[in-house]
Amino acid sequence: MITKLGQKFTDSFTKYMPSAYVFALLLTLITIVLALVFTNTKPILILEGWYNGFWNLLSFGMQIVLIIITTYCIAQSPLIKKGIDHLTKFIKIPTQVYLIVIALGALLSLVSFGMVVITAILARELALRIKGIHYPFLVACVYFSFNGWVCGLSSSIALLLNTENNFLIESGVLHETISTAYSLRSTLNIVMIGLFVIFSPLLIWVLIPKSFEGKELKDLQIEDKSEENSIKVEALSYKLPYRAMSDALNNASWLQITVATLGLAYIIYHFYTRGFDLNFNIMIFIFLIIGMFLHLTPMRYSIAMKRASSNISGILFQYPFYAGIMGIMMASGLGELISDALVSIGSKDNYAFIAYLTGGIINFAIPSAGGEFAVIGPSIISMVQELGVNMSSTEVTAMTARASMSVAYGESLSNLLQPFFLLIVFPVMGKGIKIQARDVVGYLFIPFVVLFILQAILVTYTPL
């Protein structure tokens, strides 16, 4: 019965849901209309806010891109590929594929949301080798598996709160950074990790489609492309037919390893002097250095970076549109109006749920935890500070971290119905086949509903 219900939702999404780019265009128009109706902002100011918004988050957008491509570089390394080949020897049936993809993907997402690329590579390899896999459902599993990234080391809001001179501190909303002890290492976040790593595979197991007819990878392929040469083979192909100093430098492992070792020395120094201090910049730097060690030579790493960069073309041209939507919401005050309306009903009992709900709603217009928090974060934090007037500073800090993480949980969950981040998965899973967001998102509706209920209970009732 649950499987049939899931199929009905899938059929509905297939019929009505447009592509991710069209989704962004429609949201742009809807946001403009809402700004005109519910605020007194002049149309030209809304257009100016839209235009200015395109460029206001370029540095943050670059951080997102670098996290993705540095992680993708790691995924392409021989060591990771050997690990995938070894793992596939022990997986024999479709049910094992779905469950392992969900569980492993959830664990990898705790390192970085960009690690979903490794999950996608593994899933595609399994789909090529094992019969009976419902491929659109497998793509949904991969996308679902990275939902818990907000609990892990690349959690943008948690890292933002712990980053010196962040925009909240510069604007006076916060007076100091908030340690990850209050966010990533909190009881609530640890419980959330269990929800994604242990409960999610069981939920997916209940929803596995009974029929895979016409849905296997071989049934969906529209072109027969030969496999890419390995990075090592491509690197060798660039060599001149005679000995040359340029080739010696391009393929000098000593050169790259020496620089990578310097990077490793700084990473050790960073954590030795600052403790477990994580932020966007140090995470990107760690992934960069790991990739240098894994690919050994400058030429191989350059090729891996080139291949990884092809994975983010959709994000590069669609992200500015969502930044533009954020610009509209900020220039018109629409984002603040929505968050203030929700915050106005906040209390000590429901403040975290209000933050969770706000994060989920605003995410449809701004599918970026960091970008969204730039719009609604000040209102959420102000709500907590007002509620904590008679509390100790430690309690207020813990409440602020909980409310902020609740925004992150809501934002991440609504990604199941917001197709923007499928752009990370499709370049791998959609290679050589015809597949769109509408073919995938329907399978995620029931997981969305179930997790919404569970997360709402957890953010509200888990002790500080």
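The values are calculated or read from the model by the stated rules, or taken from the named source; none is laboratory data. Quantities reported herein were computed from a predicted structural model and do not represent experimental measurements. A quick note on method: Cβ atoms are made from the backbone with ideal geometry, for glycine too, and the neighbour counts reach across all protein chains shown. We work out accessible area using only protein heavy atoms, side chains counted, and drop any ligands, DNA or RNA first. Shrake-Rupley method; radii C 1.70, N 1.55, O 1.52, S 1.80 Å.
List the GluC sites (Glu not before Pro) within segment 122-183 that fall in a DSSP loop (any state other than H, G, I, E or B) and whose Cβ has at most 12 other Cβ atoms within 10 Å.
164, 176
Exactly which GluC sites (Glu not before Pro) in segment 205-304 are in a DSSP loop and have at most 15 other Cβ atoms within 10 Å? All intermediate terms of the calculation are to be shown ahead of the outcome.
On the way: sites: 213, 216, 223, 227, 228, 234; in loops: 213, 216, 223, 227, 228.
Sites meeting the loop and neighbour criteria: 213, 223, 227, 228.
Which of rounded, prolate or oblate describes segment 135-277 when judged by the alpha-carbon gyration tensor and an a/c cut-off of 1.5?
Note, shape of segment 135-277 comes out oblate.
Could you tally the net charge around residue 332, taking each other residue with its Cβ under 11 Å from the Cβ of residue 332, Lys/Arg +1 and Asp/Glu -1?
Working: positive: 42; negative: 48, 336.
Around residue 332, the charge tally is -1.
Determine the relative contact order of the chain: mean sequence separation of Cα pairs under 8 Å and six or more apart, normalised by residue count, in whole percent. Don't skip to the answer; put the middle values down first.
Details: 667 pairs, mean separation 135.8, N = 464.
This gives 29 percent for the chain.
Taking a 1.4 Å probe, which of 131, 42 shows the most accessible area, and what order do the others take after it?
131, 42
So what's the projected area for segment 25-118, the Cα convex hull averaged over all directions, in nm²?
The orientation-averaged projected area of the Cα hull of segment 25-118 comes to 9.4 nm².
Which net charge results when you count Lys and Arg as +1 and Asp and Glu as -1 among the other residues whose beta-carbon is under 14 Å from that of residue 346?
On the way: positive: 348, 402; negative: 340, 349, 386.
Around residue 346, the surrounding residues sum to -1.
With the full set of protein chains in place, find how many percent of the accessible area of the chain is carbon and sulfur; take the probe as 1.4 Å.
The nonpolar share, carbon plus sulfur, comes to 65 percent.
Summing +1 for each Lys or Arg and -1 for each Asp or Glu, what net charge is found among the other residues whose Cβ lies under 12 Å from the Cβ of residue 389?
Every neighbour counted, the sum reads -1.
Can you give the accessible area per residue of segment 67-197, in Å², using a 1.4 Å probe? All intermediate terms of the calculation are to be shown ahead of the outcome.
Details: 4500 Å² over 131 residues.
Roughly 34 Å² per residue, with all protein chains present.
Once a ≥ b ≥ c are taken as the square roots of the eigenvalues of the Cα gyration tensor of segment 292-404, is the result rounded (a/c under 1.5), prolate (a/b larger than b/c) or oblate (a/b not larger than b/c)?
oblate
Which aspartates and glutamates, on any chain, are close to residue 15 with Cα under 12 Å apart, when same-chain ones fewer than 8 places away are left out?
439
Please sort by residue number the trypsin sites (Lys or Arg not before Pro) in segment 382-464 whose DSSP state is loop and whose Cβ has at most 10 other Cβ atoms within 10 Å.
For trypsin sites (Lys or Arg not before Pro) across segment 382-464 that sit outside H, G, I, E and B with at most 10 neighbouring Cβ atoms in 10 Å, the list reads 434.
For the chain, what is the calculated [θ] at 222 nm in deg cm²/dmol (nearest 500), taking -39500 (n - 2.57) for each run of four or more DSSP H residues and dividing by its residue count? Before the final figure, lay out each step's value.
Values: 25 runs with 320 residues, N = 464.
After summing the helix terms and dividing by residue count, I get -22000 deg cm²/dmol.
How far, in nm, would the chain grow between residue 8 and residue 37 when pulled straight, counting 0.36 nm per residue and subtracting the alpha carbon separation?
6.9 nm
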